[in-house]
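Peer 1: After the structure tokens below, expect a handful of questions from me.
No lab work stands behind these numbers, since they all come straight from the coordinates. Computed from a predicted model, the values in this text were never measured in an experiment. For neighbour counting, all protein chains shown are included, and Cβ atoms are generated from backbone atoms with ideal geometry for every residue, glycine included.
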Amino acid sequence: MPELLTNFLTSNPFLPQGYCYLWNPELIWLHAASDALIALSYYSIPLMMAYFLYRRRDLPFPWVIWLFGSFIVACGTSHLIDVWTLWYPTYWLSGIVKFITAIISVYTAVSLLPLMPQALSIPSPPQLEAANEKLAQEIRDRTAAQAQISQLNAELELRVSRRTAQLRESQERFRLLVEGVQDYALVMLDPEGKVVSWNSGAERITGFKAEEIMCQYFSCFYEEEAVRLGKPEEFLEIVLAEGHFQQEGWRLRKDGSRFWANVAITSLRDEAGMLRGFSKVTRDATQRKMLQEKLLRYSYAIALTGSAIRITDADNQSIYHNQAFIDLFGYTVDELNAIGGPIALYLTPEVGSEVYQIINDTGCWSGEIELRTKSGAIVPTLLRVDCIFDDTGNRLGLVGVCTDISERKRAEAALQQAKAELECRVEERTQELSEQNLALRQSEVRLTEKNEQLKEALRELKQTQSQLIQTEKMSSLGQLVAGVAHEINNPVNFIYGNISHAYSYFAEMQQIVGLYQQYYPDPIPEIQTVIDEIELDFLLEDLPKILDSMRLGAERIREIVQSLRNFSRLDEAEMKPVDIHEGIDSTLLILQNRLREKPGKPAIAVIKEYGHLPKVDCFPGQLNQVFMNVLVNAIDVLDTQPSPGLITIRTEVGIGDWENRVEDLAIAPSSYPELTTDGELGTEDSKLPNPEFVLIWITDNGPGMSQEVRRRIFDPFFTTKPVGKGTGLGLSISYQIIVQKHGGVFKCISEPGCGATFAIAIPVRRKDSNRFQRLGARG
């Protein structure tokens, strides 16, 4: 019963009668006044009839008069309800009142048929008096009943008013909730597909105001071709059949522009299963669509790399696999997404969840891990996964670079087996020598020498292994960087080359416009209207600024591409004279994103105090690798401290006892050379005519390191970073590059709480490297 009463009094989802009159004030008040006057007249007629019955108590058949009075009151009430429904769509209540009026009218008409013979035979006065007495008693009873009904009506009206207030409050809360949604267009459609509800999010996305779109068919958001093919009607048929439909596609705004929309339509039915309308939720997915298209365009830059590369979106669903990935794992994008995405490649869900947790916490993950292919085979890989962020720090997706290290693993296994066999043979031989020590003492020296040779061979094998790992990583990185740089450089050169032509064309157009304004200062109205519409003066002022910004942006991209090329010079097998500062600057430019300020982490400042350095004979790609390893380690350390980080890079040249120079400057910072006004080092050594070596100091203000850590800092596979964060090979390989490949010295000077300084010294000319080999070995 309460639900029935609620349905009678509720106004959802109907519209007030005023919508049919287009809320025309004159038309609305004409109907309101007419119905109100009719109701007032209908209510006054029963009063006069009651007064007549009161004065003429002897009138026969008084109930007929009351019946007529009830009929007239019901008719008046129906007109009064019509006034109410102009603003409040309680059509169930209106229908009930009209239904009661119909029952009373039918009952009155039917009651008059048997009354006709009785009216022809009017009773005698005594009978009339008796009838009047009886009628008076009935009137008294009816009056009492009416009093009770009036009391019940008053209670009912009180309940109705309370329920109406609650309903209005609930509707207001729902309206505020819907209006507060800005990122989604929430639209209600009637059963015919016309708009009946419109929120502010829909206005923001489409540009239509509520008064412009109300009662319009929802196909106005579709392109002309889709409307011609009947797509809107087809979608509604699917919703009627299945209850829900979701689709992505192009939609139109009020100004005619298109946006990529994610649309979900749901049918709305009442308890009886009757269709009440449709709810339509639309989200503007244009930015995501453009991002996916951009990623697919750049995917060709890495399609031919030897490493398996995959790119995922923000929901960890694959959007790109290069051919190497497909060849290695056997999965296309759709096939991998169908089984749960890239997490399905891990041997167990727990391993995948742990990797993704590290990625979410740190932004990247790298290390060796076993992955499962489509055929079920388990492949050992060297995997690195990095987050892709936009300019605001929001994560757009992940990029993973995977290298098959099966051959390397087999080589390592063979190496371990050979090592075990060798150690076993050494132990056996040592035992034999111990047993025969008295008889074979003269061979002890030869055995010791043999053992040293074996240890040296093992050490060289370990170094070769670590170099092989790093070489594979840098080779993959170099191929990737070279491909990306090539793909970016071609369109940038096209843009940069055409900017000068655009400057020339604009200057000619500006000259023509100036001459026209000079000799024809008063153009015809049509031309003046166009000039005002396009804001010609603003265009002439703003277009050079736009061209300047395009030129600066193109030059910036060319600088970045050049830095990538400088850093990725991994194929240069011979030494060549190189500008050390250029390599350092290229490395800093590549690491610029990690140096910037991020949410919860202050920016890392870099101070460059460069001296006058000559070009140095070196392997530029390997030297860039050293700079990258040292700077990345410094950034990793500074990322862990809340205070602002600082990295200082100093360079100078010198001659003579430069090993003591390294120790003195590291221990006594006050002896650092002073800067001149032009930012260059002002020491006497900085402009020597024939310098023998160059010194590079890379200092951070991190927490420093203990003596134990500093003693092992150049050991292979030694690292203080968390598991999955690093391999422990960077500084070890850097040490080999500086000491063995360049004949220089690589030192670390640090104490707890005093930061860390890495000092690199290399000879300027290759012929001087033998002089420093002895010092480098001790470094």
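Peer 1: Treat every Asp and Glu Cβ in the range 289-404 as -1 and every Lys and Arg Cβ as +1, leave all other atoms uncharged, and give the resulting dipole magnitude about the Cα centre to the nearest 20 debye.
Peer 2: 280 debye
Peer 1: Given a Förster distance of 22 angstrom, what is the FRET efficiency for Phe99 paired with Val64, based on the Cβ-Cβ distance and rounded to 0.05?
Peer 2: Details: r = 22 Å, r/R0 = 1.01.
So the FRET efficiency works out to roughly 0.50.
Peer 1: Among 220-228, 612-620, how do they line up from the highest to the lowest mean number of other beta-carbon atoms within 10 Å?
Peer 2: Working: 220-228: 15.1, 612-620: 19.8.
The most tightly packed comes first, giving 612-620, 220-228.
Peer 1: Between Glu692 and Thr640, what length in nm is gained on full extension when 0.36 nm per residue of separation is reduced by their alpha carbon distance? Could the numbers behind the result be given before it?
Peer 2: On the way: separation 52, 0.36 × 52 = 18.72 nm, distance 3.85 nm.
14.9 nm is the gain from fully extending Glu692 to Thr640.
Peer 1: Do you know the relative contact order of the range 181-284, to the nearest whole percent, from alpha carbon pairs under 8 angstrom that are 6+ apart?
Peer 2: Numbers: 203 pairs, mean separation 31.2, N = 104.
Contact order relative to length: 30 percent.
Peer 1: Within the set of other residues whose C-beta is less than 11 Å from the C-beta of Ile213, count the net charge using Lys and Arg as +1 and Asp and Glu as -1.
Peer 2: On the way: positive: Lys194, Lys209, Lys254; negative: Glu203, Glu211, Glu212.
Once positives and negatives cancel, what remains is 0.
Peer 1: Same structure, new question: Hand me the chymotrypsin sites (Phe, Trp or Tyr not before Pro) from the range 274-366 located in a DSSP loop with no more than 13 other Cβ atoms within 10 Å, in residue order please.
Peer 2: Details: sites: Phe278, Tyr298, Tyr300, Tyr320, Phe325, Phe329, Tyr331, Tyr346, Tyr356, Trp365; in loops: Tyr300, Tyr331.
Taking the range 274-366 and a limit of 13 other Cβ atoms within 10 Å, the loop chymotrypsin sites (Phe, Trp or Tyr not before Pro) found are Tyr300.
Peer 1: Can you tell me the FRET efficiency between Ser150 and Ala33 if r is taken as the Cβ-Cβ distance and R0 is 45 Å, rounded to the nearest 0.05? Let's see the in-between values first.
Peer 2: On the way: r = 28 Å, r/R0 = 0.63.
After rounding to 0.05, the efficiency reads 0.95.
Peer 1: What are the principal axis extents of the Cα atoms in the range 181-284, in Å, biggest first?
Peer 2: The Cα atoms of the range 181-284 stretch 41, 29, 21 Å along the principal axes, largest first.
Peer 1: Of the cross-linked pairs Lys545/Lys608; Lys254/Lys545; Lys374/Lys409; Lys231/Lys289, which ones have a Cα-Cα span greater than 26 Å in the structure shown?
Peer 2: Numbers: Lys545/Lys608 32 Å; Lys254/Lys545 31 Å; Lys374/Lys409 21 Å; Lys231/Lys289 21 Å.
In this structure, Lys545/Lys608; Lys254/Lys545 lie more than 26 Å apart at Cα.
Peer 1: According to a simple spin-label model (label point 7 Å from Cα along Cα-to-Cβ), what is the distance in nm between Leu543 and Gln247?
Peer 2: 4.3 nm
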